[in-house]
Amino acid sequence: MTNQNMVISNAKSGLTIAIAVAMSESTLFSQNQNGYFTKRKFLKKLETSGNGARINALLDSMRASSPSRRPSDTEDHNSWILRHPSALSMFDEIMMASKGKQIVVFLDYDGTLSPIVEDPDRAIMTNEMREAVRDVAKFFPTAIVSGRCRAKVYNFVRLSELYYAGSHGMDIKGPSNGHKHKKGNETVLCQPAIEFLPMIDEVYKTLLEKIKYIPGATVENNKFCLSVHFRCVDEKKWGELADEVKSVTKDYQQLRLTQGRKVLEIRPTIKWDKGNALEFLLESLGYAESNNVFPVYIGDDRTDEDAFRVLRNRGLGVGILVSKTPKETKASYSLQEPSEASTKENDNV
Ligand SMILES: [Mg+2]
């Protein structure tokens with residue numbers, strides 16, 4: 001394997017994850033330069049992936065509560081970068097911190113591995129990105145964590161050796177043939193909201209009817225949760241759409257409404273988020289109480305903050321926020337999205 005062959009040079013490649021891979025396991029670093037370069041290249045890819053994450057909140061209330069809002073109008077990018085330095089620039093430091101520990105890689109999908117696009121069904125990851133993820137998974141247990149339905153994320157990524165956590169972590173499945181990083185061959189499976197399926201389906205059908213008169217409004221069935229997309233709706237209609245959604249969900253005490261970027265999410269009230277998914281996966285890999293593990297979580301959305309918070313509270317690994325603009329975040333590091341101009345304003349799940 002020649003390292004140079006793996007270097008991603010295409011700035012439009014759509015990879016935003018790079019940092020995680022750049023951190024080479026210490027043994028790989030000391031004994032095998034390929035591991036070092038693989039990781040660094042992966043980080044590089046993420047950095048150049050170019051998912052225009054221009055912040056555009058949905059409604060005023062969404063703006064007020066969204067972590068995508070600027071911490072203050074006066075804070076400039078430089079001061080934010082000081083607090084959340086580029087994961088690429090901190091590559092060596094991160095690598096040192098992971099020395100002797102098992103790296104586990106967690107990757108969000110939309111806005112991290114794939115560009116944000118108007119039609120969520122067309123959020124395709126590039127082959128180049130797929131190869132990068134495949135390379136990472138050769139060295140470390142790797143999981144995709146997404147708000148989307150697990151089957152849909154799998155259809156985008158199509159790497160059977162990965163763990164997948166769909167529906168904001170409420171639908172977790174390990175590699176079908178077990179995993180080389182895990183003892184035994186039992187399949188990892190976790191669906192803590194399984195009893196909500198009929199209710200979610202019912203609300204989905206009701207919502208489809210309720211919002212069909214609003215041009216551009218769509219509802220995506222993510223199995224254990226629903227996403228109402230505002231991105232193609234005229235801003236003048238956002239309030240109306242939000243009212244329609246609330247009029248449906250108010251009859252369901254067991255469901256809650258949360259805001260994302262140009263999206264309203266309907267989820268079961270159970271306390272289960274991407275942070276829980278991260279902890280579940282670490283546990284299933286045998287690192288429940290162990291500090292001998294170094295999770296690297298890369299994501300771009302407010303739902304990823306739950307995972308960043310877990311890492312920060314436990315003093316484990318690193319969280320890396322993919323963002324071009326300053327945001328309040330629990331992540332330690334950042335990765336930029338340089339080709340913002342090539343993509344539309346986005347939301348994601
Ligand atoms: Mg995302």
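Every read-out reported here was derived from the displayed coordinates using simple, explicitly stated rules and does not represent laboratory data. Here the structure is a predicted model, which means the values were calculated and not measured. Cβ: placed from backbone, ideal geometry, glycine included. Neighbour counts: every protein chain shown.
For the reader, a short list of remarks on this structure follows.
- Ranked list, fewest to most other Cβ atoms within 10 Å of each Cβ, for ARG122, ARG302: ARG122, ARG302
- When SER146, SER79 are arranged by Cβ crowding within 10 Å, least crowded first, meaning fewest neighbours, the order is SER79, SER146.
- Charged-residue dipole, Cβ positions (Lys, Arg, Asp, Glu), the stretch 194-268 about Cα centre, Debye nearest 20: 220
- √(5λ) per eigenvalue of the Cα gyration tensor, the stretch 194-268, largest first, Å: 20, 11, 11
- Among the listed pairs LYS212/LYS274; LYS223/LYS274; LYS152/LYS250; LYS212/LYS237, those whose Cα-Cα separation exceeds 19 Å are LYS212/LYS274; LYS152/LYS250.
- Ranking of THR269, THR206, THR142, THR126 by count of other Cβ atoms within 10 Å, fewest first: THR269, THR206, THR126, THR142
- Put a plus charge on the Cβ of each Lys and Arg, a minus charge on the Cβ of each Asp and Glu, and nothing anywhere else: the dipole of the stretch 205-349 about its Cα centre is then about 220 debye.
- Rounded to the nearest whole Hz, the Karplus-based 3J(HN,Hα) values (6.51 cos²θ - 1.76 cosθ + 1.60, θ = phi - 60°) of the stretch 83-88 follow the sequence 7, 10, x, 4, 4, 5, with x at glycine and proline.
- Charge dipole (debye, nearest 20) of the stretch 126-166; +1 at Cβ of Lys and Arg, -1 at Cβ of Asp and Glu: 220
- For PHE106, distant residues with modelled amide H under 5 Å away: ALA143, VAL296, TYR297, ILE298
- Whole-Hz couplings from phi, Karplus 6.51/-1.76/1.60, listed for the stretch 280-286; x for Gly and Pro: 4, 5, 4, 5, 5, 8, x
- Relative contact order for the stretch 194-268: 29 percent, from Cα pairs under 8 Å spaced at least 6 residues apart, divided by residue count.
- Label-zone membership for the stretch 240-255, site THR206, 7 angstrom Cα→C-beta point, backbone N under 16 Å: 242-255
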